[in-house]
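Below is one structure; the comments refer to it alone.
The values are calculated or read from the model by the stated rules, or taken from the named source; none is laboratory data. None of the values given here were measured: they were computed from a predicted structure. In this analysis, Cβ positions are derived from the backbone assuming ideal geometry, glycine residues included, and neighbour counts consider all displayed protein chains. Side chains are part of the model used for accessible areas, which takes the heavy atoms of the whole protein and leaves out ligands, DNA and RNA. Shrake-Rupley method; radii C 1.70, N 1.55, O 1.52, S 1.80 Å.
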Amino acid sequence: MLPLPENYTNDVDENGFAIVEHVLTLDEVVLLRAAIESAIMEGSDTTSVRDRGGVYAIRNVTEIVPEVRALHRHIGISRLVAPILGERAMLVRGLMFDKSPASNWGIFWHQDLSIAVRRREDVASFGPWSIKAGVQHVQPPSSILQSMLTVRLHLDDCLESNGALRVLPGSHRSSRLNVIEAEQLQQVTRPVTCEAKAGGTVIIRPLLLHPSHRATEVSRRRIVHLEFAA
């Protein structure tokens, strides 16, 4: 197992993101690709598999793909998360995103503001509520989001040309941003494109502003998106 980059925790604290290569082996990547494709072919959970002419996402992927659920025990992932969130950090949600010739999509600049919860409890400062793939979601106070971490595992080489994530460094230090505040940050902050090879990861804080542009050279770009909470 390769040593971790020396300053990756500082990068997450200061910039809101870090890129760490070689977290998964090539054999592990191949296994995850096959398990996800099998779940899609079986259509095991039609509320979770999102399709716009081609599958572009699986919500609740940890529930329908055991190989993804098992990643919470993966030593390479644990040693990324623990120095930032502590040893008791838990995997609380998993998704899969795919860009392909059949489904080339994009999302505008945004923060990840919703969390998945077991049930609805009307509590001050939590809201609005929504249901996604049959699961209750809610927007919590910023303090909750600031204690979370997202690990994006790349199952394919991810370059600017096939829709790599772009981020605004340091934007995670704000709380929830309205449209005007987000646009102002875009004017004064240079975006960074987070390229990574298959088996590599991009770690981000949920409040980091980021979009996902459509690919200009369309090829598979599969991401397993895992959210951890302290």
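Hey, if we sort GLU21, GLU6 by accessible area with the 1.4 Å probe, largest down, what's the order?
Numbers: GLU21 65, GLU6 165 Å².
The ordering from most to least exposed comes out as GLU6, GLU21.
Just how much of GLU14 is accessible, in Å², when a 1.4 Å probe is used and the result is rounded to the nearest 10?
Accessible area, nearest 10 Å²: 110 Å².
D for segment 175-221, whole µm²/s, Stokes-Einstein with Kirkwood Rh over alpha-carbon pairs at 25 °C and 0.890 mPa s: what number? Please report the intermediate quantities before stating the final value.
Details: Rh = 13.2 Å.
For these conditions, the coefficient is 186 µm²/s.
If contacts are Cα pairs under 8 angstrom and at least 6 residues apart, what is the relative contact order of the chain in percent? Don't jump to the answer; show the numbers that get you there.
Values: 474 pairs, mean separation 71.3, N = 230.
About 31 percent, as a whole number.
Order the following by accessible area, largest value first: ILE19, ILE75, ILE203. Probe radius 1.4 Å; ligands, DNA and RNA are ignored.
On the way: ILE19 65, ILE75 105, ILE203 0 Å².
Listed by decreasing accessible area, they come as ILE75, ILE19, ILE203.
Accessible area per residue, 1.4 Å probe, Å², for the chain: what's the number?
On the way: 11520 Å² over 230 residues.
Per-residue accessible area for the chain comes out at 50 Å².
In debye to the nearest 20, how big a dipole does the chain give about its Cα centre with +1 on each Lys and Arg Cβ and -1 on each Asp and Glu Cβ?
Working: 25 positive and 26 negative charges, 96 e Å.
With only Lys, Arg, Asp and Glu charged at Cβ, the dipole is about 460 debye.
How much accessible surface area, in Å² rounded to 10, belongs to the heavy atoms of GLU42 with a 1.4 Å probe?
130
Need the full-extension length gain, VAL135 to GLU181, defined as separation in residues times 0.36 nm minus the C-alpha distance. One decimal, nm.
Details: separation 46, 0.36 × 46 = 16.56 nm, distance 3.02 nm.
Taking VAL135 through GLU181 to full extension adds about 13.5 nm, to one decimal.
Binned at 5 Å from 0, what are the whole-percent values of the Cα-Cα distance distribution for segment 98-230, short to long?
Per 5 Å bin, starting at zero, the Cα-Cα P(r) for segment 98-230 comes out as 2, 10, 18, 20, 20, 17, 10, 3, 1, 0 percent.
Let me check something: with ligands and nucleic acids excluded, how do ASP11, ASP98, ASP27 order by accessible area (1.4 Å probe), largest to smallest?
On the way: ASP11 60, ASP98 5, ASP27 125 Å².
Listed by decreasing accessible area, they come as ASP27, ASP11, ASP98.
Once the other residues with Cβ under 10 Å from the Cβ of ILE84 are scored (Lys, Arg +1; Asp, Glu -1), what is the net sum?
Value of the local net charge: 0.
Please compute the volume of the convex hull spanned by the alpha-carbon atoms of the chain and report it per residue in Å³. Let's see the in-between values first.
On the way: hull volume 28.4 nm³, N = 230.
Considering the Cα atoms of the chain, their hull volume per residue is 124 Å³.
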